[in-house]
Amino acid sequence: MAGKKSIKPEEGMRVAKRIAHAGLCSRREAERLIAEGRVAVNGRVLESAALDVMPDARITVDGKPLPEPQPTRAWRHHKPRGRVTTHRDPEGRPTVFEALPEDMPRVVSVGRLDMNTEGLLLLTTNGELARHLELPATGWLRRYRVRARGKVDQAALDKLKDGVTIEGVRYGAIEARIDKVQGANIWLTVGLREGKNREIRRLMEHLGLSVNRLIRVSFGPFMLGDLPVGAVEEIKPRVLADQLGPELARQFALGGRTGHAKAKPPERGKPPRRKAAARGARR
C-alpha cells in the first residue's frame, strides 16, 4: 500500500500532524482546536493550521504542553449501544473512552460509530494513523450486519453496487445481501468503503426500510469475532505492520513494547448469532 515518506527528525511537520502524532486527537480535530484558538506554539496562539513546526517547538493545547508521542499501538473494541465516539460530549452522554480500562494510554478512534451503532471500533495511540485508516482511499471494506423493519428484494439491493444519490448526496458502491427474514424484520449484510455520516441508515430508508439494529462486524482485515461487548483487545504490532505494509509500518513507527489491556466483562445482551470470524486479522 502506498504512503507518504516518513518525516526525518530534522525536518518540520505540520502542527496539526504533530498533535495527531502525540495521540492527543486526530489531525482533523487538531485543525479544529487551532481554528478555535486553543493551540499555541512557542507562546504564540495560532490562527491557522498552515504552519510547519520543528521537533524542538513548544506546543501547548489549552495551555497544557503537548504529551510526548506514544508508541503506535492499536486495539479492537466491541462498542456497545448507547455510547458516543467522542472524548467529550456537550450533551453529557456516556462516551466510549470513559469506559475503557484505566491502564490504557490515551487513544483516538479510527472513524466513528454513532450512538446506537454497536460492534467493531478500532482504537490507536496515533491520530495520524487513525486518519489514514479511515480515509476511503485506503480501500478497506467496512462490513455491517443490519436488522431492519420492512421488505426489500435482492434486485433492489444489487442496484446499490452502482452507487446512489439521495437528497443531493452521492454514495459510492455498496455491497448488500439478504441473510434472512425474521417476522417483520429482515437481516442484511452490508459492505461499504466510504462510511459517510449515517450512510447505512439513509440508504436503508431510501429502500423503504427502518433500521433497528446496526452492528459493524469488520473493518478491513480486522474482525469483531467473538470479542465480548465492551471489551478491548490489543492488535499485535506485527499483525498491524503486516496489514499496513513495510513503508507505512516504518512511517508510523510500529514496534516497541506491547501489551494487552484487560478485557472488560461483557455487558448484558449479545449480538445476533453469526459465523465465527477470525480474531485480529485474516492471515
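The values are calculated or read from the model by the stated rules, or taken from the named source; none is laboratory data. Bear in mind the structure is a predicted one, so any value in this text is a computation, not a measurement. A quick note on method: Cβ atoms are made from the backbone with ideal geometry, for glycine too, and the neighbour counts reach across all protein chains shown. Please note that ligands, DNA and RNA were not included when accessible areas were found on the heavy atoms of the full protein model with its side chains. Shrake-Rupley method; radii C 1.70, N 1.55, O 1.52, S 1.80 Å.
Quick notes on this structure:
- Relative contact order of the chain, defined on C-alpha pairs under 8 angstrom at six or more residues apart (%): 20 percent
- For the range 124-171, the alpha-carbon coordinates run over 42, 25, 18 Å along the three principal axes, in decreasing order.
- Other residues with beta-carbon under 12 Å from the beta-carbon of N42 carry, at +1 per Lys or Arg and -1 per Asp or Glu, a net charge of +1.
- Spin-label pair N185-I166: with each label point 7 Å from Cα along the Cα-Cβ axis, the two points sit 1.9 nm from one another.
- Solvent exposure of the chain, expressed per residue, is 53 Å² of accessible area, with all protein chains present and a 1.4 angstrom probe.
- On the basis of the beta-carbon distance and an R0 of 22 Å, M54 and A253 show a calculated FRET efficiency of 0.75.
- Within the chain, helix-based [θ] at 222 nm, where runs of 4 or more DSSP H residues each add -39,500 (n - 2.57), nearest 500: -4500 deg cm²/dmol
- On the chain, 49 percent of the accessible area sits on carbon and sulfur atoms, based on a 1.4 Å probe.
- Grouping the Cα pair distances of the chain into 5 Å bins from zero gives a pair-distance distribution of 1, 5, 11, 15, 17, 16, 14, 10, 6, 3, 2, 1, 0 percent in increasing distance order.
- Highest GNM mean-square fluctuation among H21, H206, H77, for the chain modelled with Cα contacts below 10 Å: H206.
- Estimated vicinal HN-Hα couplings, Hz - the range 19-24 in sequence order (Karplus 6.51, -1.76, 1.60; Gly, Pro = x): 5, 5, 4, 6, x, 6
- Label separation (K151 vs T95): 4.6 nm, computed from points 7 Å beyond Cα along the C-beta direction.
- Which listed pairs, of K196/K236; K17/K64; K151/K180; K159/K180; K79/K151, have C-alpha distances above 23 Å, in listed order: K196/K236; K79/K151
- Note on N42/R106: beta-carbon distance plugged into 1/(1 + (r/R0)^6) with R0 of 30 Å gives a FRET efficiency of 0.80.
- Structural descriptor for the range 1-137: relative contact order 27 percent, calculated from alpha carbon pairs under 8 angstrom and at least 6 residues apart.
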